[in-house]
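Worksheet for the structure shown next.
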There are 2 protein chains.
Amino acid sequence: MKGIDQRVEAFEGQLRKAGLRMTQQRRLILRVLAEADDHPDAKGIFTRAFAHDPTLSLSTVYRTMKVLETQGAIERHAFEDGVSRYEHADQAHHDHLIDIESGAVVEFSSPEIEALQAKIAAELGYEIVRHRLELYGRKIKPARRKPGKKDA
Amino acid sequence: MKGIDQRVEAFEGQLRKAGLRMTQQRRLILRVLAEADDHPDAKGIFTRAFAHDPTLSLSTVYRTMKVLETQGAIERHAFEDGVSRYEHADQAHHDHLIDIESGAVVEFSSPEIEALQAKIAAELGYEIVRHRLELYGRKIKPARRKPGKKDA
DNA sequence: AACGCTATTGCAAACCACTTGCATCTGTCA
DNA sequence: TGACAGATGCAAGTGGTTTGCAATAGCGTT
């Protein structure tokens, strides 16, 4: 948990520059996001923030998420169930592996895949603007052995 | 445009086997899907089918899509806008490149990427059940030259 | 420190894609 | 041909997200 306040302050400057305001609500939502280590949806963010400010409304959360996304402060993802989930954007690019049993989201990145994507797109006459890569899988139950190398 | 009738017939047998019925509506929707070379959504399918049978209802389309998906006759995709789009499933596995300017969908497949995905998942202790890979890009305007190699 | 302009908020209603309850209709199979 | 269970149409219901509007509150200015 490092640098949450700095992040909020930095974002405040960013907002100001855009002629927007740093309100209590935005500060709160920003904090909730910074403290989250998962990928909460709007309702999840609302619930956590609501605990600190019972006057907050869900629509403000939605509106704030849009502002944050426009400002590039967060990223929005929609996994299989279709609901938008958010994560703060101050991390390196990565894709997601979703555990279809637990719903857990694991992040990963693969320069090789990115390179291949670019190559494929180029061959089709396109340049990639963005992409979406999600793997849906289930945990491999490791063979009951000495925890060395595992088979397939 | 080959084999639409055969496809419909084959699917009829498949339905029967599952204790389901081949209705006029399903026949019609199946035909619309077989004739489609794009990735229409429910409303699009409805519109096309409705032209042939004005008594058809949108809910029947949705219900039919669910049946078709369950039977493995079609695949459902949800691109960025979140609405479900469908395509018949009698083709090889592929992913999609979406032209962000025209909305056109180009299909492609890359065994190399698939292999990398499996490798990455394995390293994280997962086996992939399914995945979603979408590239969003824009057409590269070719340099006005002899169509040889192009710059960046 | 108070002022005013305008962004922002809360609330409720609206939207949109999709689903569902129910009465009716229609494949299917005997 | 008849009966029964599956399928349909319609309208109402869901669930996530957006929006109109009047009230509130940042923030630069005085």
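Each of B:Ile100, B:Ile113 was scored by other Cβ atoms within 10 Å of its Cβ. Listed from fewest to most, they are B:Ile100, B:Ile113.
Adding -39500 (n - 2.57) for every DSSP H run of four residues or longer, then dividing by how many residues the protein assembly as shown holds, sets the calculated 222 nm ellipticity at -12500 deg cm²/dmol.
Sorted fewest first by neighbouring Cβ atoms within 10 angstrom, B:Val106, A:Val61, B:Val129 come out as B:Val129, B:Val106, A:Val61. Restricting the GluC sites (Glu not before Pro) of the stretch B:39-121 to loop positions (DSSP other than H, G, I, E, B) with no more than 14 neighbouring Cβ atoms within 10 Å leaves B:Glu80, B:Glu101. Show which aspartates and glutamates lie in cross-link reach of A:Lys139 when reach means a straight Cα distance below 13 angstrom and same-chain residues fewer than eight apart are skipped. Cross-link targets: A:Asp99, A:Glu101, B:Glu123, B:Glu127.
Dipole check for the stretch A:1-68: with +1 at the C-beta of Lys and Arg, -1 at the C-beta of Asp and Glu, and the Cα centre as origin, the magnitude is about 320 Debye.
Between copies, the label points of B:Gly125, set 7 Å from Cα on the Cα→Cβ line, lie 4.7 nm apart, reported in increasing order to one decimal in nanometres. Out of A:Ala92, A:Ala42, A:Ala122, any idea which swings most in a Gaussian network model of chain A, alpha carbons joined below 10 Å? Per the Cα network of chain A with a 10 Å cutoff, A:Ala122 tops the list.
All of the numbers you see were taken from the coordinates with simple rules; none came from a lab. Predicted model, so just to flag it, every value in this text is computed and none were measured. Methodologically, a virtual Cβ is constructed for each residue, glycine included, from the backbone with ideal geometry; neighbour enumeration extends over all protein chains shown.
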